[in-house]
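The values are calculated or read from the model by the stated rules, or taken from the named source; none is laboratory data. Quick caveat: nothing in here was measured; it's all calculated off a predicted structure. Positions of Cβ are backbone-derived with ideal geometry, glycine not excepted, and every protein chain shown enters the neighbour counts.
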Amino acid sequence: MATAPIKVDAATDELVSHAAHFMSRSKKDIVDAAVREFIDAHRDEINAGVKAALGKLNCTDAAAVAMMTGLSAEELDELGGVPK
């Protein structure tokens, strides 16, 4: 499995380092466990966000661009629209 670096501020890195040291675990293990617990605790919110995003899509490029940019269909048209 490939790994990807993440950046955290110095205070968070220090907390992770201390937790890893005193729990005899790696920093990677601490961050992995923390992220998984966070996602589990917020799964309903995440799923609601996914459903809301999917509800805005209508299988067109314009809908996808509008969702990614936050622009309305009218604003996209004012800027020249999205090629079909």
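Only one entry of Ala20, Ala33, Ala10, Ala48 meets the criterion of being of a type in the set (A, V, I, L, M) and exposed (fewer than 10 other Cβ atoms within 10 Å of the Cβ), and that entry is Ala10.
So which of Ala41, Ala34, Ala73, Ala48 ends up being at negative phi and modelled with pLDDT under 85? Explain how you work it out, then say what you get.
Numbers: Ala41 fails: modelled with pLDDT under 85; Ala34 fails: modelled with pLDDT under 85; Ala48 fails: modelled with pLDDT under 85.
Selected residue: Ala73, the only one of Ala41, Ala34, Ala73, Ala48 that is at negative phi and modelled with pLDDT under 85.
Taking the stated definitions as given, is Leu71 surrounded by 12 or more Cβ atoms within 10 Å (Cβ to Cβ) and either out of contact with any helix residue (DSSP H, G or I) (no Cβ under 9 Å at 6 or more places or on another chain) or not in a helix (DSSP H, G or I) (or both)? Yes, satisfied.
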